[in-house]
Amino acid sequence: MVALEIVDVSRSFGRGDKAVQALKNVDLTLEPGETVGLLGVNGAGKTTLLKVISTLLLPTSGTVRVAGVDVVKQTREARRQLSVVLGGERGFYGRLSARDNIRYFGILSGLSHRAAAARGEQVLAQVGLTEVADRAVETYSKGMKQRLHIASGLLTTPKLLMLDEPTVGLDPIEAEHVREAVAQLRDSGVTILLTSHYMVDIERLARRVVILQAGQLTHDLPLERLLEQATSAAEVNVSGAGVPPLTNGEVMDGVRVVRSGPLDGGWNVTFEVRDWSPASLRALADLWPQAEVGDVRVLPANLERVFAQLTR
Ligand SMILES: Nc1ncnc2c1ncn2[C@@H]1O[C@H](COP(=O)(O)OP(=O)(O)O)[C@@H](O)[C@H]1O
Ligand SMILES: [Mg+2]
């Protein structure tokens with residue numbers, strides 16, 4: 001059985017002129033054990049999608065099933081199958097230890113005292129907080145609180161774990177700790193849907209990437225495909241003297257001008273080359289019949305730039 005099945009889901013907010021269509025005809029399926037990265041810029045609809053899946057928002061239309069359970073028709077049953085971690089600094093009792101918080105939330109989620117204690121130890125270990133579990137949560141860093149949120153989301157052994165921007169606002173070291181915790185969960189077979197607008201999270205954690213743009217899923221591809229595009233794409237900066245090259249906008253499919261202007265009495269142009277091919281080399285070469293090319297610099301693209309290209 002699939003872990004998550006989303007069929008033709010739309011969600012809008014407000015009415016009339018002010019209506020915002022946050023999700024438009026989204027289709028997505030996750031197999032058990034998959035970790036899928038949902039990538040999108042701010043406002044793309046990532047949080048809305050996680051909220052619809054986790055029964056916090058109703059879809060305007062369409063169907064969502066988690067482990068075969070319809071989230072609208074069988075809401076309570078669906079909630080037992082999933083956990084969503086929306087993150088943030090709040091939601092814990094600051095004076096209490098992480099261990100006591102986790103036990104308390106375990107009991108709230110329906111576990112017996114004994115089961116809450118046992119399961120609490122497991123989930124604290126899964127996110128690497130065992131050593132510091134007796135410290136009051138108010139002494140925790142943002143990243144430790146985020147890991148505690150994830151631990152709390154694991155208490156009920158969900159069939160689907162959703163993490164909304166788990167590293168947002170963390171310093172690089174804290175963010176890496178969170179990624180380590182999520183990587184461990186992934187390797188232990190938990191089905192994870194993770195959102196981020198940071199390419200680095202997706203690159204590290206997901207094997208499959210879906211891209212949400214203005215409410216629509218526009219890409220669904222293995223991470224390797226995205227990485228291939230990152231290694232083939234590049235920015236090329238060319239400067240020189242004499243007559244400037246003829247450069248405006250799209251040179252050809254896959255080669256476009258990013259910036260151009262005068263420089264030290266000469267000219268300077270930056271191209272973006274999506275992939276190196278005879279055609280793209282020829283297109284570049286044809287641009288300077290009279291220009292004197294002085295300097296050529298190639299800046300290899302990174303995943304951030306590929307993401308920007310894909311979502312432009
Ligand atoms: N409760 C709400 N009321 C009105 N508009 C909302 C609400 N929640 C989200 N939106 C709008 O829906 C769009 C998607 O938002 P969101 O799902 O939060 O995006 P993301 O998480 O990718 O940043 C945005 O245009 C946002 O302003
Ligand atoms: Mg969001």
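Values in this text are rule-based calculations from the coordinates and carry no lab data. This one's a predicted model, so the numbers in the text were calculated from it and none came from an experiment. Note that we place each Cβ from the backbone using ideal geometry, even for glycine, and neighbour counts take in every protein chain shown.
To the nearest 0.05, how large is the calculated FRET efficiency for residue 58 and residue 188 if R₀ is 35 Å and r is the Cβ-Cβ distance?
0.60
Sorting 24, 18 on the 10 Å Cβ count, fewest up front, what's the list?
18, 24
Would you kindly derive the ³J(HN,Hα) couplings of the range 97-103 from the backbone phi angles with the Karplus curve 6.51 cos²θ - 1.76 cosθ + 1.60 (θ = phi - 60°), listing them in order in whole Hz, with x for Gly and Pro?
For the range 97-103, the Karplus-derived couplings read 5, 4, 4, 5, 4, 5, 4 Hz, x marking Gly and Pro.
Can you compute 3J(HN,Hα) from phi for each residue in the range 120-126, using the Karplus curve 6.51 cos²θ - 1.76 cosθ + 1.60 with θ = phi - 60°, rounded to whole Hz and x for Gly and Pro?
Karplus values, whole Hz, x for Gly and Pro: x, 4, 4, 6, 4, 5, 4.
Taking amide H positions as placed in the peptide plane 1.01 Å from N, state which residues far from residue 294 in sequence (5 or more) or on other chains have amide H under 5 Å from it.
239, 240, 241
Can you work out ³J(HN,Hα) from phi for every residue in the range 24-29, in order, using Karplus 6.51 cos²θ - 1.76 cosθ + 1.60 and θ = phi - 60°, giving whole Hz and x for Gly and Pro?
Karplus values, whole Hz, x for Gly and Pro: 10, 6, 7, 10, 7, 10.
Using 18 Å as the cut-off for backbone N distance, which residues of the range 13-49 belong to the label zone defined by a point 7 Å from the Cα of residue 122 along Cα→Cβ?
33
Name the residues whose placed amide hydrogens come within less than 5 Å of the amide hydrogen of residue 163, ignoring near sequence neighbours (fewer than 5 apart) on the same chain.
Here 85, 193, 194, 195 satisfy the definition.
Determine, from the Cβ-Cβ distance of residue 214 and residue 285 and an R0 of 35 Å, the FRET efficiency 1/(1 + (r/R0)^6), rounded to the nearest 0.05.
0.45
Could you order the peptides 141-148, 74-81 from most to least packed, using the average number of other C-beta atoms within 10 Å per residue?
Ranking the peptides 141-148, 74-81 by packing returns 141-148, 74-81.
Run the quick spin-label model on residue 136 and residue 107: label points 7 Å from Cα toward the beta carbon, then report their separation in nm to one decimal.
It works out to 2.0 nm between the two label points.
Mind checking the dipole of the chain: about its Cα centre, +1 per Lys or Arg Cβ, -1 per Asp or Glu Cβ, Debye to the nearest 20?
Dipole of the chain, to the nearest 20 debye: 1440 debye.
List the residues, sorted by chain then number, that are 5 or more residues from residue 216 or on another chain and whose placed amide H is less than 5 Å from its amide H.
The answer is 24.
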